[in-house]
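Right, I'll just put the structure down here and ask away after.
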Amino acid sequence: MENQNNERIGALSDQVATLKSLTLDINTEVSEQNRLLDGMDTSFNNIGGLLGSTMNRITTMMDATGSRHMWYLAGFVVVVMVFLYIMMKMKY
């Protein structure tokens, strides 16, 4: 009976060690993924700031010139960008 208990304790100890190892691996992977996501967040914030300042410059330029052609050009660029975005999404 005592030998059987010792065998079960040994098996249980092995299972606990396996679970601990798996948990540590998961923790390492989650930490790495969080680091990558933080880096992406910083990149997107930087890009958002650049796009915002670019839009402000475009608005200032259009207000200064008052030309309807500039609005047409900006609209055309937006349509082309949306079209390219849709085409890229359809490809993947």
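With the structure loaded, tell me whether residue 9 is among the β-branched types (Val, Ile, Thr), under 20 Å from the mean Cα position of the chain (by Cα) and part of a helix (DSSP H, G or I) or whether it fails that test.
Values: among the β-branched types (Val, Ile, Thr): yes; under 20 Å from the mean Cα position of the chain (by Cα): no; part of a helix (DSSP H, G or I): yes.
It is false that residue 9 is among the β-branched types (Val, Ile, Thr), under 20 Å from the mean Cα position of the chain (by Cα) and part of a helix (DSSP H, G or I).
One line per residue, one yes/no per condition, for (1) surrounded by 10 or more Cβ atoms within 10 Å (Cβ to Cβ); (2) at pLDDT 85 or above; (3) touching a Lys or Arg at 6+ places or on another chain (Cβ under 7 Å); (4) not polar (S, T, N, Q):
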residue: 18; (1), (2), (3), (4): yes, yes, no, no
residue: 24; (1), (2), (3), (4): yes, yes, no, yes
residue: 38; (1), (2), (3), (4): yes, yes, no, yes
residue: 49; (1), (2), (3), (4): yes, no, no, yes
residue: 55; (1), (2), (3), (4): yes, no, no, yes
residue: 77; (1), (2), (3), (4): yes, yes, no, yes
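Taking the conditions exactly as written (surrounded by 10 or more Cβ atoms within 10 Å (Cβ to Cβ) and either part of a helix (DSSP H, G or I) or touching a residue at least 40 places away in the same chain (Cβ under 8 Å) (or both)), does residue 62 satisfy them or not? Before the answer, list the steps.
On the way: surrounded by 10 or more Cβ atoms within 10 Å (Cβ to Cβ): yes; either part of a helix (DSSP H, G or I) or touching a residue at least 40 places away in the same chain (Cβ under 8 Å) (or both): yes.
Yes.
The values are calculated or read from the model by the stated rules, or taken from the named source; none is laboratory data. Please read all numbers here as calculations on a predicted model, not as lab measurements. Heads up, the Cβs are rebuilt from the backbone with ideal geometry, glycines too, and the neighbour counts pull from every protein chain shown.
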